[in-house]
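This report refers to the structure that appears directly beneath it.
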Amino acid sequence: MRPRVPRSRRAALVLVGGAAALLVACETTPDLEELLQARDTIDSAEPAVDLDHRGPGVAMGDSGPARFAGPLFDAFRTKRAMDTVRFADPYFRAPASPGYDAVLDHVESTLKGAGFGSHPRLELKILERERSHPAWTPKRAKLRLKPDGGEPATLHAFEVENDRDRTMLPVNVRSCSVEGPVALHLADLEPGSILVTDASARQVLKRAKAKGAVAIVSSSLFPFNVDPSGRERHLDAIQFRELAPDTEMPVCQISPASHELIREAVEAGGAHLAFEAEVEFEERPLRTLVATIVGAKRPHEAVAISSHIQEPGACDNASGIAGLLEGARSLAGLLDEGQLSWPDRSVVFIWGDEFRQTEMWLESTSRTPVAGISSDMTGQSRDTGAIALLERHPDPGAQSVLPPDEHTPWGAYDPKDEYIFPNGLSVIARCAMADVSVHAGGWTTADHPWEGGSDHDVYIKMGVPAVLFWHFTDFTYHTSLDRVEFVDPEEMRRTGTALLATALAMADPRPGDLDRYLRSLQIEEEVRVDAASAVELLENVEAWKSWSYGARMWLRTQCLGPEAEAPPKHEEGR
């Protein structure tokens, strides 16, 4: 594991493009030698369009994802997307729970209304898997502070699933009713006491149990859960956590503000805590919803997009659910009305339990996945501190981070060598973000090396190129503050359009797309090689040259077909 890398101050950069030559129209079949000659005549990366993006630039044009960005952006209805966010937001949505299934049913019903399941080219199905442990639903909870000699006070409580304090119960915690004196440190624990800590419960669970604690109360937050506005709203945040299914120790999450009240009471003379919780366990199957737009020429090949339902947040991940649903619904309408042509390959939309949903589809499908996309945390408002990000497929940048790359506070990890296989999906996705920025009148974006942590990892481990569209750093991430007021409908629209335009560019590649991709790839290669050369990392220079050659071959195959003859490698140099 690589040490976590702090994120430096964000800077707006100029997105650069290729030479001023006219891009080949998407419906024209170019001569291969002309394409290669055009690419080789690019002397340097010249400015093309001024966009607010941190990362390598792209060549602008009307090919590749630009063929889809405009119609998709115009067809995306933010009100409908926000209706889905508002529907999902009240539910806790633990895997296989009634709330999880209610949201899945809502998505299914909406898709049926758009023709999925009744149109011969719009398939719809539910996959089911038995779970090794019951589904969990929080019902109610209350934490009361009883200062010695003072008036009791309720610190946190909820009576219905939609209450803001619902994250005070970690997933899988059991029903309980406990009371005991407060211990602020592990060293102070005595049998029958309740440990109050700012560490995660998992970190102290075994030691607290060994010392006879009857419960753990945690005010843990991630280092990046800090309000960027200076208003310190994070002090009222209750972190969302999950415990192992066999955890017996009562655990309660609280805010830093409540932790401070407990500390003050203890230092003033001592205090007790009383904690009550009621949860429900049910034997329920885990369901995954799969909607498919069947390809016109290569239906057996598929571009898949996954968006997880579990987790209680509005940004994470009601926005990802809603943005993908609105994208699928509006795309079905565009295809039915003839405003877009049916793609050659199939496009698959997947909703379910993170990681498991993608695994279930891969295990059940007879189609061959050619690319995977994760739609996760796609609608954060700027008030969260987050911007739109593209997490690239593992490339040499994930091993040696050089400008303009920088990792997010999520952290850097070394990908396994077998995950670093050259492809151009990240280039296509970066082009899509630029195309959406043009239609939206501007968009603050960035791309960064692979970090892992969502469904794109499942595709990558299967040898399928994959990327993640998301937002970070969001100070409300995995806390009680992640509610609908922090969702920006226009950001959902921008991100939803970018990821779907990427998918369609992969599902419906054309020879005319190749010129733009090759120019964009060369821009990136120049940026990467120059950055590595500046610090004399010759190994990294060679790694990026090798990656770029492989990505060129991959892009040629996508746009021209597997029968296209590859030129000698020496003709593919910079």
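The values are calculated or read from the model by the stated rules, or taken from the named source; none is laboratory data. Everything numeric here is computed off the predicted structure, so don't read it as measured data. Ideal geometry is used to build each Cβ from the backbone, glycine not excepted, and the neighbour counts take in all protein chains shown.
Of the residues making up the stretch 76-115, those that are crowded, with 21+ Cβ neighbours inside 10 Å, closer than 19 Å to F281 by Cα and small (G, A, S) are A94, A96, S97, G99. Consider only pairs whose beta carbons are under 7 Å apart and that are at least six residues apart or on different chains; among these, list those whose first residue lies in the stretch 276-294 and is within 9 Å of A135 (Cα to Cα) and whose second residue is of a type in the set (G, A, S) and not in a strand (DSSP E or B). Pairs that qualify, where the first residue is within 9 Å of A135 (Cα to Cα) and the partner is of a type in the set (G, A, S) and not in a strand (DSSP E or B), are R284/A96; P285/A96; L286/A96.
Looking only at the stretch 252-260, decide whether some residue is in a strand (DSSP E or B) and within 28 Å of the chain's Cα centre (by Cα). Yes, some residue in the stretch 252-260 is in a strand (DSSP E or B) and within 28 Å of the chain's Cα centre (by Cα).
Is it the case, given these coordinates, that D188 is surrounded by fewer than 19 Cβ atoms within 10 Å (Cβ to Cβ), in contact with a strand residue (DSSP E or B) (Cβ under 8 Å, 6 or more places away or on another chain) and at negative phi? Taking the combined requirement at face value, the residue does not satisfy it. Number of residues in the stretch 460-496 that are of a type outside the set (K, R), within 15 Å of the chain's Cα centre (by Cα) and farther than 29 Å from M168 by Cβ equals 7. Taken residue by residue, the stretch 428-439 has no member that is closer than 14 Å to I460 by Cα and either part of a loop (DSSP other than H, G, I, E, B) or at pLDDT 95 or above (or both). When the criteria are applied in full, R166 meets the requirement of being over 30 Å from S364 (Cβ atoms) and not hydroxyl-bearing (S, T, Y).
Against the condition touching a Phe, Trp or Tyr at 6+ places or on another chain (Cβ under 8 Å) and over 24 Å from T378 (Cβ atoms), how does A102 come out, does it pass? Criteria not met by A102. Listed by position, the strands (runs of 3 or more DSSP E) enclosed by the stretch 95-174 that each have at least 3 residues that are in contact with a Leu (Cβ under 9 Å, 6 or more places away or on another chain) and under 17 Å from A277 (Cβ atoms) are 135-147, 153-158. Within the stretch 123-145, the set of residues being out of contact with any Lys or Arg (no Cβ under 8 Å at 6 or more places or on another chain) and surrounded by fewer than 18 Cβ atoms within 10 Å (Cβ to Cβ) comprises E123, K125, E130, S132, H133, K139, R140, R144. Of the residues making up the stretch 463-484, at least one is surrounded by fewer than 24 Cβ atoms within 10 Å (Cβ to Cβ), of a type outside the set (S, T, Y) and assigned to a helix (DSSP H, G or I). For the stretch 485-494, filtered to residues that are part of a helix (DSSP H, G or I) and touching a helix residue (DSSP H, G or I) at 6+ places or on another chain (Cβ under 6 Å), the residue that is nearest to L331 (Cα to Cα) is R493.
For the stretch 541-559, residues that are more than 15 Å from P404 (Cα to Cα), crowded, with 21+ Cβ neighbours inside 10 Å and not hydroxyl-bearing (S, T, Y) total 7. Which members of the stretch 278-323 meet the condition of being more than 24 Å from R345 (Cα to Cα), among the basic types (K, R) and not in a strand (DSSP E or B)? If the condition is that a residue be more than 24 Å from R345 (Cα to Cα), among the basic types (K, R) and not in a strand (DSSP E or B), then R284 is the only one that fits.
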